[in-house]
1. Taking into account only those residues within the range 282-328 that are under 19 Å from Asp242 (Cα atoms), outside any loop (DSSP other than H, G, I, E, B) and in contact with a Leu (Cβ under 7 Å, 6 or more places away or on another chain), which is nearest to ligand 3 (Cβ to nearest atom)?
2. Can you name every residue in the range 127-162 that is without any contact (Cβ under 8 Å) to a residue 24 or more places away in the chain and over 21 Å from Asp249 (Cβ atoms)?
3. Search the range 287-314 for residues that are among the basic types (Lys, Arg) and pair each with any residue that is within 16 Å of ligand 4 (Cβ to nearest atom) and not in a loop (DSSP other than H, G, I, E, B) when their beta-carbon atoms are under 8 Å apart and the residues are at least 6 apart or on different chains.
4. Please work out which one of (1) under 30 Å from Glu140 (Cα atoms); (2) touching a helix residue (DSSP H, G or I) at 6+ places or on another chain (Cβ under 7 Å); (3) of a type outside the set (A, V, I, L, M) is the condition Ser363 fails and give its number.
5. Just name the residue that is farthest from ligand 3 (Cβ to nearest atom) out of those in the range 232-258 that are touching a Phe, Trp or Tyr at 6+ places or on another chain (Cβ under 7 Å) and assigned to a loop (DSSP other than H, G, I, E, B).
6. What number of residues in the range 435-462 are at pLDDT 90 or above and among the polar types (S, T, N, Q)?
7. Quick one: which residue in Asp286, Asp227, Asp277, Asp249 is closer than 18 Å to Pro91 by Cα and away from ligand 2 (no atom under 16 Å from the Cβ)?
8. Return the residue satisfying two criteria in turn: it lies in the range 282-300 and is over 27 Å from the mean Cα position of the chain (by Cα) and within 13 Å of ligand 1 (Cβ to nearest atom), and of such residues it is surrounded by the most Cβ atoms within 10 Å (Cβ to Cβ).
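The values are calculated or read from the model by the stated rules, or taken from the named source; none is laboratory data. Quick caveat, the model's predicted, so the values are computed rather than measured. So basically every Cβ, Gly included, is an ideal-geometry build from the backbone, and we count neighbours across all protein chains shown.
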Amino acid sequence: MTPESGQVLTNESGVALIELDVEGQDIGSTGEIVVTYDTASTNQAPFSPLRFTIVEPALQLGYFNNGQFVPGSLEIVATVSDELVVSTGIPDQDSFSVSATVLNTGGDSVDGVTSTINVKAADSFNNPILDGTAITFKTEYGRIEGSCTTVGGDCSVNWTSQDPRKPLAYTFLDDDGNVASLRTIFNTDCSVPGVPRGVSCPASLGQPYGARSSILAYTLGQESYNDANGNGLYDTGEVFVDLPEAFLDTNEDGAFGNPNEVGSCHPDCPEVAGDEDIPVPLIENDAYDQGNGIYNGILCSDTAEAAAACSKELVHVRQQVTVLVAGETPYAGIFEGVGISARLSSDIDISRSDSGTRYFYLSDVYNGRLPLGTTIKTKSDYCVVEPEDNAVANSSAFGPSLFPITVTAPDNAERNGSGFVRIEVNVPAPGGNTGGITKTWRFRCSYDLCVNSPDDEKCQDS
Ligand SMILES: [Ca+2]
Ligand SMILES: [Ca+2]
Ligand SMILES: [Ca+2]
Ligand SMILES: [Ca+2]
């Protein structure tokens with residue numbers, strides 16, 4: 001596979017596009033082309049032979065064969081002259097980012113709620129990858145567009161709420177002895193003492209968590225390595241991160257748990273409920289394979305390759321993001337203290353200290369966060385409360401939201417008194433429609449000036 005000559009045409013976005021006269025090339029499959037140059041045909045200083053790898057056939061990039069454009073993805077991997085920017089254009093693992101515009105969309109009981117899933121990819125030099133690189137997506141719940149192709153290192157797809165919304169077959173016995181597929185505040189005891197069913201739990205209910213849809217993005221790329229000698233190539237002994245086969249981690253425990261595949265962590269996975277993890281086979285052998293122990297990437301130097309310290313075979317670079325398909329009905333509890341030491345609280349007496357704090361835990365039925373846009377308005381007809389306005393942040397972190405409420409003695413307080421603190425929660429209707437679900441919680445605050453300040457003149461008259 002030796003083309004006769006080539007010519008540099010443009011050099012944009014860190015990627016050199018080369019026109020080649022290629023004869024007898026089989027570009028129908030992935031492989032490698034080594035190109036030697038007649039320097040008289042280039043407009044650049046002489047440079048050493050280039051090596052190209054066709055990563056995937058029939059993408060947008062390609063080269064000219066006897067004047068005819070042939071699709072194929074071409075990558076420069078050899079160092080050329082300093083005048084040319086050198087870039088592999090192939091994503092590497094540590095520069096493959098996946099995010100969601102809305103992390104807590106809601107949509108557990110409504111179809112059609114959406115979030116945009118964004119990929120940002122760069123190569124081993126943290127330059128944008130080649131335009132037209134295909135990124136593939138899988139989702140646990142709801143629906144996702146299957147792929148997008150990058151422009152400038154970026155591409156996006158839409159995730160949409162719809163069935164499925166729970167595991168296909170995985171079940172467990174809940175705390176009432178009934179078969180269930182997800183833990184809720186109605187079928188699981190809160191480990192914090194004194195918290196009844198139906199109240200947000202300040203501690204985790206445990207697996208399997210409801211309404212958390214794992215979204216996996218992946219494409220062929222390179223392992224990341226530390227270029228200790230700065231030559232732009234992987235050399236024997238340089239530190240790298242070895243990648244196992246990719247998978248959709250449905251229970252987010254970082255381990256492949258599907259018991260039907262050889263090589264899974266079952267039954268000793270970090271957490272239960274990962275039975276429906278979905279493998280992305282790189283080696284088609286009906287087994288989940290760990291890394292091969294050597295660096296994989298086209299930056300594998302010839303010397304290291306000859307020593308079997310690396311391979312130019314690509315692997316799947318991957319990243320996962322979780323979208324909360326949260327339920328729309330709010331549940332809550334008012335507590336003293338937080339976490340496992342929290343205690344359900346009703347009234348607050350701030351006579352001694354002039355102020356106090358209550359912790360408002362707010363969740364959906366799965367004890368997870370409510371959708372982005374949920375508002376919390378706190379008012380009192382007697383005490384001063386802060387903050388008066390709060391909102392559920394853009395987050396798919398585990399567990400309920402926590403809002404501290406500070407209650408302070410009223411300004412110009414009479415000798416004593418009391419009143420309600422009201423907490424009104426509104427979960428907006430999906431899609432920006434008006435309405436939604438509003439629920440209110442309340443507790444009483446009371447204050448006796450003479451407990452804290454017996455010398456105040458208001459306390460002297462009787
Ligand atoms: Ca190196
Ligand atoms: Ca490897
Ligand atoms: Ca797992
Ligand atoms: Ca495999």
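1. Selected residue: Gln320.
2. Residue satisfying the conditions is Val151 alone.
3. Lys312/Asn296
4. Answer for Ser363: the failing condition is (2).
5. Across the range 232-258, the extreme among qualifying residues is Glu238.
6. Result for the range 435-462: 3.
7. Asp227
8. The qualifying residue surrounded by the most Cβ atoms within 10 Å (Cβ to Cβ) is Leu299.
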